[in-house]
Amino acid sequence: MPTIFTHPAVPLALALGLGRSALSRRLLLTGVVVSVLPDLDVLAFRLGIPYAADFGHRGFSHSVLFAFLAALAGACLFRFFRSTFLQSFIFLFVATFSHGLLDALTNGGLGIAFLWPWSGERFFAPMQVIEVAPLRLSRFLSLKGANVLWSEFLWVWLPVMGMAFTGISLRLALNRYSTKPVPKAVMDG
Ligand SMILES: [Zn+2]
């Protein structure tokens, strides 16, 4: 997995790109929570469930169905988010599902059970460019940890922040265009 600091990059970048008026702070915060939610499955190790099992690490909680259900449950709170059901659902689905996609780009562990419960097959992305984060903290506090953070910066933070700044630039350009003063001759008819 990428580290717990990196999964929230996707909802944060989306919020930055879309702007404050499009997304409430409550919805953003919930997006951050659901972006790390699938990794609660590491509890499976403590329960003696094998990594490769459906309920093991990177299993059911990293699937499309899990993202769909988490987004559906979250979107029911759309009034609390001061948003619409559809907007809440889409944002929370993207935030949750992006977790498995980022994991699939890592170069370690087992693949992701995207298709659970229809298939237990584990998938990786065609390119595994992100250094996998060690599950043990002691291993993370070493040169390995620095390599992981660098690869996450390069392959996650840089691209998503690039997209966020593209969104910001587009919004600013649209605002400037829509608030352009009407020439006097047009106003006079
Ligand atoms: Zn994960």
Mean Kyte hydropathy of -0.5 or more with a Cα span along the axis of at least 20 Å, helices from DSSP in the chain:
85-104, 158-178
Extension gain, ALA125 back to ALA53 (0.36 nm per residue minus Cα-Cα distance, nm):
23.9 nm
What are the residues whose amide H is under 5 Å from the amide H of ILE130, where those residues sit 5 or more places off or on another chain and H is modelled from the backbone?
THR106, ASN107
Looking at segment 98-162, which trypsin sites (Lys or Arg not before Pro) are DSSP coil and have at most 15 other C-beta atoms within 10 Å of their C-beta?
ARG136
So which trypsin sites (Lys or Arg not before Pro) in segment 41-82 pass both tests, a DSSP loop state and at most 13 other Cβ atoms within 10 Å of the Cβ?
ARG79, ARG82
Roll a 1.4 Å probe over the protein chains and send me the accessible area per residue for the chain in Å².
59 Å²
In whole percent, the fraction of accessible protein surface over segment 22-61 that belongs to carbon or sulfur atoms, probe radius 1.4 Å, stands at 72 percent
Within a Cβ distance under 13 Å of TRP116, other residues only, what is the Lys/Arg minus Asp/Glu net charge?
-1
Could you grab the relative contact order for the chain? Cα pairs under 8 Å, six or more apart, rounded to a whole percent.
25 percent
Please give me the summed charge of the neighbours of ASP54: other residues whose Cβ is under 13 Å from its Cβ, Lys and Arg +1, Asp and Glu -1.
0
Treat each spin label as a single point 7 Å out from the Cα along the C-beta direction, and report the ARG176 to LEU101 distance in nm.
3.0 nm
Does segment 34-171 come out rounded, prolate or oblate, given a ≥ b ≥ c as the square roots of the eigenvalues of its C-alpha gyration tensor, rounded meaning a/c under 1.5 and, failing that, prolate meaning a/b above b/c?
oblate
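The values are calculated or read from the model by the stated rules, or taken from the named source; none is laboratory data. It should be emphasised that the depicted structure is a prediction, and the values quoted were computed from it without experimental measurement. Virtual Cβ from ideal backbone geometry, glycine too; neighbours counted across all protein chains shown. The protein model used for the area step is the full one, side chains on, heavy atoms only, and it has no ligands, DNA or RNA in it. Shrake-Rupley method; radii C 1.70, N 1.55, O 1.52, S 1.80 Å.
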